[in-house]
Amino acid sequence: MNISVQPTPNPNALKFILDIDVKKEGKTSFKNPHQAKDVPLAAALFDLRGVDQIHFFQNVITVSKFSFEPWDNLEPSISTTIENMIDDHNPEFQDHDPEKERRKNLPAEMLQIEEILDRRIRPGLQGDGGDLAVVSYSDNVLIVKYQGACGTCPSSTTGTLEAIRAILRDEYDPEIEVYIAPEESAQAMD
């Protein structure tokens, strides 16, 4: 098995790209060791000092770290942990997908916004180890929450947010406003 390591726009997140899948279907973000307890590879990564969050998507594991821990110490430990645990890892692990359930009951306008985000925004964010969740939409104001590496990325509140606004204004409604959820609202979604 080969592992290649790539930076992300977030200086506190690295992508570990494998030549095999770590998640066959969908994506999973682990925000704490408790969430990772049923996935031994993720649990072992949380055992490493400095690991903040972990994101599995296709053949990529994105690890976000606390800023106090230098990559020089952490990166080799992550690679070694992956190498030691990958043979026993099940990439078909299932986790509850509340997003699928949520979308079943969305009004047509929200489904249209989600489709635009799925097509134009999420692939780039997921490629960098993150994602985007819609918190609410009312009176032409869309509230979003960043996930994974995007949650602590400096560009998420500037360039990325502006790109989301521009794309939705171009493809959905020229008057739409897009804002990031306040932290307490975002935590309610977790």
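Read-outs: derived from the displayed coordinates by stated rules, not from any lab. In this text, all values refer to a predicted model and were calculated from it rather than measured experimentally. With ideal geometry, Cβ positions are generated from the backbone for all residues, glycine too; neighbour counts draw on all protein chains shown.
Structural remarks
- DSSP-defined beta bridges in region 86-190 - what % are antiparallel, rounded to 5: 65 percent
- For region 94-125 versus region 4-52, the gap between their alpha-carbon centres in whole angstrom: 22 Å
- Based on Cα contacts under 8 Å between residues 6+ apart, the chain shows a relative contact order of 21 percent.
- Each peptide among 141-147, 43-49, 66-72 gets the average number of other Cβ atoms lying within 10 Å of its residues, and from highest to lowest they stand as 141-147, 43-49, 66-72.
- Principal axis box of region 98-189, alpha-carbon based, largest edge first, Å: 31, 28, 24
- Across region 160-172, coupling constants 3J(HN,Hα) worked out from phi with the 6.51/-1.76/1.60 Karplus curve, θ = phi - 60°, read 5, 4, 5, 5, 4, 4, 4, 5, 5, 5, 6, 9, 10 Hz, and Gly and Pro carry x.
- Computed over region 98-189: relative contact order in percent, which uses C-alpha pairs under 8 Å that are six or more apart: 26 percent
- Magnitude of the charge dipole, the chain, Cβ model with Lys/Arg +1 and Asp/Glu -1, debye to 20: 80 debye
- Normalising the Debye intensity of region 3-88 to I(0), with uniform scatterers on Cα atoms only, and taking log10 at q = 0.11, 0.12, 0.15, 0.25 Å⁻¹ returns -0.24, -0.29, -0.47, -1.47.
- Build a GNM of the chain with springs between Cα atoms under 10 Å apart, and of K37, K27, K65 the one that fluctuates most is K37.
- Near R165: Cβ cut-off under 14 Å, other residues only, Lys/Arg at +1 and Asp/Glu at -1. The net charge is -4.
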